[in-house]
1. Step through the residues of the stretch B:73-90 one at a time and calculate ³J(HN,Hα) from phi using the Karplus curve (6.51 cos²θ - 1.76 cosθ + 1.60, θ = phi - 60°), rounding each to whole Hz and writing x for Gly and Pro.
2. Take each of the peptides A:56-67, B:104-115, B:76-87, average the number of other beta-carbon atoms within 10 Å over its residues, and list them starting from the highest.
3. Report the FRET efficiency, 1/(1 + (r/R0)^6), for B:W125 and A:A77, where r is their Cβ-Cβ distance and R0 is 41 Å, rounded to 0.05.
4. Any idea how far apart A:I21 and A:E39 come out in nm if each label point goes 7 Å out from Cα toward Cβ?
5. Restricting to lysine pairs 8 or more places apart or on different chains, what number in the protein assembly as shown have Cα atoms under 15 Å apart?
6. Am I reading the B/A interface right? What is its buried accessible area, both sides, 1.4 Å probe, to the nearest 100 Å²?
7. Computing the accessible area with a 1.4 Å probe over protein heavy atoms, can you report the carbon and sulfur percentage for the protein assembly as shown?
8. Quick one: Karplus J couplings for the stretch B:51-66, per residue in order, coefficients 6.51, -1.76, 1.60, θ = phi - 60°, nearest Hz, x for Gly and Pro?
Amino acid sequence: MELIYVAAAIMMGLGGLGAAIGVGLLGGKLIEGSARQPELAPKLQVTFFLGAGLVDAIPIIGVGIAMYLIFVVAPGAV
Amino acid sequence: MARPLKQNAGLGAPIVKPPLLKIFLGQCSVLAVLTAGLLFVDVTTAYSVLLGGMVCILPNTYFGVMAFRHSGARSAQKVTTSLYRGEVGKFLLTAVFFACIFVFIKPLSVGALFTTFIATMLLNWFLVHRLSNF
């Protein structure tokens, strides 16, 4: 049963790490792009909005599956 | 079409933001129709679909509101900070909503919940892409 918690932790941890790297890179590029071409800043912000949604989709699904493992599968496996 | 918030007469680009309310209402209306249709088939599936959709819609709306609290090149630092805060809030809200659903809602159709969650995410991308002018 402990392995289920380990699996959920790895799922959330690695997913969150990937999303953090992706969103961090996106944010860095947003600041860089805004500094280089201030007139494009609003458009870049909208693009960031869509990009962040794409980047964090899989980690968020991973969070959902991890919650399922923790609260449904693990108690039933006792 | 994205709507300009300010027309600043040649001083810079107009501030553009996606129509968050339209996106929210679009997602909610599709979800309401789907849930209403499924109520005649199976009540458990219907509320699982509703919950799956809401788990996606509410954190995404929070992220959208946080993402566009500030705009423009002069407040780039504030924009990025609020974007990061929105992202963290989105993750936490999703985790809390899923945990609450799995703990308190029984019986539950897990397949319907996750399918609707993913479908609503795809719908969100589609609406952001269609309704934003970029």
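1. 6, 5, 10, 4, 5, 5, 4, 5, 4, 5, 5, 5, 4, x, 5, 5, x, 4
2. Final packing ranking: A:56-67, B:76-87, B:104-115.
3. The formula returns an efficiency of 0.70 here.
4. Computed distance between label sites A:I21 and A:E39 equals 3.7 nm.
5. Number of lysine pairs found: 5.
6. 3100
7. The nonpolar share, carbon plus sulfur, comes to 72 percent.
8. Running phi through 6.51 cos²θ - 1.76 cosθ + 1.60 with θ = phi - 60° gives 5, x, x, 5, 4, 7, 5, 5, x, 5, 5, 4, 4, x, 5, 5 Hz.
The values are calculated or read from the model by the stated rules, or taken from the named source; none is laboratory data. Predicted model, so just to flag it, every value in this text is computed and none were measured. Glycine gets a Cβ as well: all are built from the backbone with ideal geometry, and neighbour counts include every protein chain shown. Note: accessible area is taken over every heavy atom of the protein model, side chains too, but ligands, DNA and RNA are not part of it. Shrake-Rupley method; radii C 1.70, N 1.55, O 1.52, S 1.80 Å.
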